[in-house]
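Report on one structure; see the data block that follows.
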């Protein structure tokens, strides 16, 4: 593996792919709550603050898991285990980045958005990260901070939360289960070497994990249609969300029936595609 430059290594510590998803879902919450009418300056400060808190939290996750990352093939070349970034420098970088982001959200957006961002960071760093070494429930617990970003976007636009914002949270919360269980199955041997108590590590047959994938995939379909029931979205979203949900369920079922790594690799991109499609449908429907 090509050795990263220092600048690239610091960038990698912020987990840019996760940050992108967080920013997109935050922007969605903001857009839906404001109906595209909120000041662009407020939106810019929101994205800047959220990006800094998310990036700082990811850096701190790298710091806390550095010893475990060094034992896994997938993560042994990360900036801290590989020696590119010293642990103490990563720690300082993560703390400063996260606190600066919370400060920006508090001063330039509002206290509720700053609190939600702080809560997300706390749950991710102080609850989910250590829990990965003690309980298979870490996947469900980790889904909570992963589903908070659209609430932050909603709060930034309105200064409050609502039932509609809660639906966005619920969709994201459910979606994360088939997504991360597919990763856990593919990487189960790596997770075992790293000492992480993922469900397919605790139960090698994967029976409970496959049941969970099936349940969450089924539940996602009616929950994704709640925006239609409450008048938040219309026919375009309804048709697309139903089709996307059924396709994701079919992909999940094929994986559950075969239990093969090959179909786990198909489920993972299916979940990755599902979410932006759903978000795109919400925005399109809102403008028609």
**Fill in**
Expected single match for under 22 Å from the mean Cα position of the chain (by Cα), under 17 Å from residue 170 (Cβ atoms) and touching a residue at least 24 places away in the same chain (Cβ under 8 Å) among 225, 220, 267 is 220
**Request:** Would you confirm whether any residue within the stretch 113-125 is closer than 19 Å to residue 39 by Cα and outside the structural domain of residue 190 (by TED's automatic domain parsing)?
**Result:** yes
**Message:** Take residue 232 and tell me if it is assigned by TED's automatic domain parsing to the domain that holds residue 205 and within 24 Å of residue 204 (Cα to Cα).
**Reply:** no
**Item:** Residue list for the stretch 140-164, filter: surrounded by fewer than 21 Cβ atoms within 10 Å (Cβ to Cβ) and assigned to a loop (DSSP other than H, G, I, E, B)
**Value:** 159, 160, 161, 162
**Request:** Within the stretch 87-116, track down each residue that is touching a residue at least 60 places away in the same chain (Cβ under 8 Å) and under 21 Å from residue 12 (Cα atoms).
**Result:** 90, 93, 94, 97
**Item:** Single condition residue 280 does not satisfy, out of (1) crowded, with 16+ Cβ neighbours inside 10 Å; (2) modelled with pLDDT under 95
**Value:** (1)
**Request:** Could you identify the single residue in 206, 231 that is surrounded by 14 or more Cβ atoms within 10 Å (Cβ to Cβ) and over 19 Å from the mean Cα position of the chain (by Cα)?
**Result:** 206
**Asked** Here are some residues: 265, 259, 193. Which one is out of contact with any strand residue (DSSP E or B) (no Cβ under 6 Å at 6 or more places or on another chain) and at positive phi?
**Response** 259
**Residue identified as assigned to a helix (DSSP H, G or I), surrounded by 14 or more Cβ atoms within 10 Å (Cβ to Cβ), modelled with pLDDT of 95 or more and in contact with a helix residue (DSSP H, G or I) (Cβ under 6 Å, 6 or more places away or on another chain) among 263, 268, 242, 248** = 248
**Out of 206, 234, 195, sole residue that is under 24 Å from residue 35 (Cβ atoms), at pLDDT below 95 and in contact with a helix residue (DSSP H, G or I) (Cβ under 7 Å, 6 or more places away or on another chain)** = 234
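The values are calculated or read from the model by the stated rules, or taken from the named source; none is laboratory data. These numbers come from a predicted model, not from an experiment. Heads up, the Cβs are rebuilt from the backbone with ideal geometry, glycines too, and the neighbour counts pull from every protein chain shown.
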